[in-house]
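Peer 1: Before I ask anything, let me first share the structure, which is written out below as structure tokens.
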Amino acid sequence: MKNIKIEVSRKILHLFGITVWLVYDYLGYQYTFLYLASGLLISFTFDIIRLKKYSIYPFKKITEKLARKYERFTFAAHIYFFASATLIVYLIKDFLAIVAIMIFISSDAAAAIVGTSIGRHKNPINNRKTIEGTIAGIIVTVIVTVIFLNPTYAIGTAIVFFIIDSVDIGISDNFTLPLFMGITLRIINMIVG
């Protein structure tokens, strides 16, 4: 039960991603890029302090409660998210980048919470993940894609989620998932218009 509460608390931080959509919707692409780049710079600075001078790090209690063991001595997950989101907004420069971010924050949270709470069957491709979590992530990916775009895009995004969630390439999925979602959405958009 404690693991589920921690995972839900970690994923509540994903709600920050919704602010990216709001900034884009109200202020446009350039401010969205600046918003994400600022988030990356600030987060990176605080993470350097956390890693090099923990005694003066202002968010110790939050980190000690929410950080996974492997994150305590390396960059935290949000750094990878900010880097990927900033890059994808820079490269795509339109609403597809925002959709990629929305898919990521929703599907990653669903996969982690379901995988932690009811996941019983290890994913045979990646034993750090569960089949139940991966399925939840795929379902949420399809739902979010259809809400923002249309079912044509959902097939591609579901496949990308499955691959990124299942195959461990040694790079945080907080970086690879938004990036590959954005690239996939752009490719599908070029094909179907």
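Peer 1: Work out how far the C-alpha atoms of segment 13-112 reach from end to end along every principal axis, then list the three figures in whole Å, largest first.
Peer 2: Largest first, segment 13-112 extends 40, 28, 20 Å along its Cα principal axes.
Peer 1: Using only the Cα atoms of segment 104-193, what do you get for the radius of gyration and for Dmax, in Å?
Peer 2: 12.8, 41
Peer 1: So if I place +1 on the C-beta of Lys and Arg and -1 on the C-beta of Asp and Glu, and nothing else carries charge, what would the dipole magnitude of segment 27-136 be about its Cα centre? I want it in debye, nearest 20.
Peer 2: Here the size comes out at about 580 debye.
Peer 1: For the chain, what is the mean residue ellipticity at 222 nm derived from helices alone (per DSSP H run of n ≥ 4: -39500 (n - 2.57); sum divided by total residues; nearest 500 deg cm²/dmol)?
Peer 2: That calculation yields -25500 deg cm²/dmol at 222 nm.
Peer 1: Any idea what the relative contact order of the chain is, in percent, if you count C-alpha pairs under 8 Å spaced at least 6 apart?
Peer 2: Relative contact order comes out at 23 percent.
Peer 1: Sticking with this one: With r as the distance between the Cβ atoms of Ile159 and Lys69 and R0 = 22 Å, compute the FRET efficiency 1/(1 + (r/R0)^6) and round to 0.05.
Peer 2: 0.10
Peer 1: Please find, in a Gaussian network model of the chain (springs between Cα atoms separated by less than 10 Å), the residue of Ile92, Ile169, Ile79 whose mean-square fluctuation is greatest.
Peer 2: Ile169
Peer 1: In segment 110-167, what trypsin sites (Lys or Arg not before Pro) fall in a loop by DSSP, with at most 13 other Cβ atoms inside 10 Å?
Peer 2: Arg120, Arg128
Peer 1: Just tell me which aspartates and glutamates come within less than 19 Å, Cα to Cα, of Lys5; anything on the same chain fewer than 8 places away is out.
Peer 2: Glu64, Glu71, Asp108, Glu132
Peer 1: Would you work out which of Ile125, Ala158, Ile101 lies farthest towards the positive end of the dipole of the chain, given +1 charges on the beta-carbon of Lys and Arg and -1 on that of Asp and Glu, about the Cα centre?
Peer 2: Ile125
Peer 1: Hey, another quick one. Using modelled backbone amide H atoms (1.01 Å from N, in-plane), which distant-in-sequence or interchain residues come within less than 5 Å of Thr130's amide H?
Peer 2: Distant-sequence amide H within range of Thr130: Asn123.
Peer 1: Nothing charged except the Cβ atoms of Lys and Arg (+1) and of Asp and Glu (-1): what's the magnitude of the dipole of the chain about its Cα centre? Round to the nearest 20 debye.
Peer 2: Its charge dipole is roughly 880 debye.
Peer 1: Report the FRET efficiency, 1/(1 + (r/R0)^6), for Ile183 and Asn127, where r is their Cβ-Cβ distance and R0 is 25 Å, rounded to 0.05.
Peer 2: It comes out at approximately 0.40.
Peer 1: Could you pull out every whole DSSP H run in the chain that spans at least 30 Å of Cα extent along its own axis and averages -0.5 or higher on the Kyte-Doolittle scale?
Peer 2: TM-like helix candidates: 29-52, 95-117.
Taken together, the values in this text are just the output of simple stated rules run on the coordinates, not laboratory data. All values reported here derive from a predicted model rather than from experimental measurement. No Cβ is skipped: glycine too gets one built from the backbone with ideal geometry, and neighbour counts run over all protein chains shown.
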